[in-house]
Amino acid sequence: MRSYRISAVSVAFVLAGAVASAQDRMISIATGSHTGVYIVVGQSICRLVNAGSAEHGLRCSAPASPGSITNIETIATGETDMAIVQSDWQFHAVNGTSVFEGRRADDLRAVFSLHSEPFTVLARAGTGISSFEDLFGRRVNVGNPGSGQRATMDVVLAQMGRTSDDFTSASELSPADQADALAEGQVDAIVYTAGHPNRSIQEATASIDAQLVDVRGPAIDALVERNPYFEKATIPGGLYNGNDVDVETFGVKATFVTSAQVPQDVVYTVVKAVFDDFERFRGMHPAFVDLKEAEMVVDGLSAPLHPGAERYYRERGWLE
Ligand code: GLU
């Protein structure tokens, strides 16, 4: 249920011509695992929104969630007002393709895009895994159901003419649990589509020797060439213990989305809170340092812009 709580007290205030009080409206942002970057995005946005609650009356929370696919589903049902989702799954939801075949998300609206999310493979040292193809015949954590990485993993496998049956075992642990599974030797490799540095890979590389693996070759080239939401990506060396060289892969963008059902003034207020205090937002996670306003309002967005966001971008001169 969507919850815009207007209390009797605030109605009285409005009737009396006073400024609406805080907690007039509660909004929620669906994020990802506790060890990812989405949760930091959501909580950073909420911190900036909540700093102005006394003036605008909006209160924001950003709970953990399974990830992109579930987030798009809960926006459609109205369980959440806003969410962070991968650009590839935003595209498929809007077009009713891939896992969203037959259930196009007509109400999905784009707000802005964020950091890049490289498709990331980390393997235990000593397993002999140095390429994506080396994963076949091994024990791989393919990601929890509902997550973006799980769904993107299936796309990569399909492009290679493979399935997760080609792994000895394909476990479905969440990003919060996969570092331990790798450290304890229950799996040989883990997969994550997320910004860097993130806590899941930090935890895994802090406790054991593990190497990030290149993901490249003809299948990856074809994916990047044919799909506007994929791009080549590099995970820079030096971010994680024992991983000093750059790793080549492909990736998507993290994007911030909402529903056409969410009122214009709500989205306007959220967007304004972020961009009026953008330097502070950018300082909230190392993955945000390269963010540029003019790119964020265009890149990686395939759903129509929400009119509340569009209004703010026009005011700032970022859209014609
Ligand atoms: N890209 C992941 C997903 O869509 C989440 C990454 C994160 O939490 O930072 O499920």
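The values are calculated or read from the model by the stated rules, or taken from the named source; none is laboratory data. For clarity, every value in this text was computed on a predicted model and none was experimentally measured. We place every Cβ from the backbone using ideal geometry, glycine too, and count neighbours over all the protein chains shown. In case anyone asks, the SASA skips ligands and DNA or RNA and just uses the protein heavy atoms, side chains included. Shrake-Rupley method; radii C 1.70, N 1.55, O 1.52, S 1.80 Å.
Yes/no per residue for (1) modelled with pLDDT under 95; (2) out of contact with any Ser or Thr (no Cβ under 7 Å at 6 or more places or on another chain); (3) surrounded by fewer than 24 Cβ atoms within 10 Å (Cβ to Cβ):
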residue: 48; (1), (2), (3): no, yes, yes
residue: 51; (1), (2), (3): no, yes, yes
residue: 59; (1), (2), (3): no, no, yes
residue: 68; (1), (2), (3): no, no, no
residue: 73; (1), (2), (3): no, yes, yes
residue: 82; (1), (2), (3): no, no, no
residue: 88; (1), (2), (3): no, no, no
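Of the residues screened, residue 226 is not one that is touching a helix residue (DSSP H, G or I) at 6+ places or on another chain (Cβ under 8 Å), more than 16 Å from the ligand (Cβ to nearest atom) and open to solvent by 40 Å² or more (accessible area, probe 1.4 Å). You will find that of 162, 139, the residue that is under 28 Å from residue 236 (Cα atoms), open to solvent by 50 Å² or more (accessible area, probe 1.4 Å) and at pLDDT 95 or above is 139 and no other.
Consider segment 51-88 and keep the residues that are within 14 Å of residue 145 (Cα to Cα) and outside any loop (DSSP other than H, G, I, E, B). The one that is farthest from the ligand (Cβ to nearest atom) is 73. Within the set 279, 315, 295, 320, the sole residue that is outside any helix (DSSP H, G or I) and out of contact with any Leu (no Cβ under 7 Å at 6 or more places or on another chain) turns out to be 320. One residue is enough: does segment 113-129 have a residue meeting the conditions within 23 Å of residue 234 (Cβ to Cβ), at pLDDT 95 or above and aromatic (Phe, Trp, Tyr)? Yes: one or more hits.
Would you please name the residue that is nearest to residue 301 (Cα to Cα), looking only at residues in segment 100-117 that are open to solvent by 10 Å² or more (accessible area, probe 1.4 Å) and assigned to a strand (DSSP E or B)? Ranking the qualifying residues of segment 100-117, first place goes to 109.
Taking the criterion of being assigned to a loop (DSSP other than H, G, I, E, B) and touching a Pro at 6+ places or on another chain (Cβ under 9 Å), would at least one residue in segment 132-139 satisfy it? Scanning segment 132-139 turns up no residue that is assigned to a loop (DSSP other than H, G, I, E, B) and touching a Pro at 6+ places or on another chain (Cβ under 9 Å).
A quick yes/no check of all residues on (1) over 20 Å from residue 133 (Cβ atoms); (2) among the small types (Gly, Ala, Ser):
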{"site": "151", "(1), (2)": "yes, yes"}
{"site": "165", "(1), (2)": "no, no"}
{"site": "175", "(1), (2)": "yes, no"}
{"site": "187", "(1), (2)": "no, no"}
{"site": "208", "(1), (2)": "yes, no"}
{"site": "237", "(1), (2)": "yes, yes"}
{"site": "241", "(1), (2)": "yes, no"}
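In segment 90-99, the residue that is nearest to residue 155 (Cα to Cα) out of those that are open to solvent by 10 Å² or more (accessible area, probe 1.4 Å) and among the small types (Gly, Ala, Ser) is 98. Would it be correct to say that residue 182 is touching a strand residue (DSSP E or B) at 6+ places or on another chain (Cβ under 6 Å) and more than 16 Å from the ligand (Cβ to nearest atom)? Criteria met by residue 182.
Of all residues in segment 186-203, count the ones that are within 16 Å of the ligand (Cβ to nearest atom) and either under 15 Å from the mean Cα position of the chain (by Cα) or buried (at least 24 other Cβ atoms within 10 Å of the Cβ) (or both).
Number of matching residues: 12.
Only one of the numbered conditions (1) open to solvent by 30 Å² or more (accessible area, probe 1.4 Å); (2) within 21 Å of residue 97 (Cα to Cα); (3) within 16 Å of the ligand (Cβ to nearest atom) is not met by residue 153, and that is (1).
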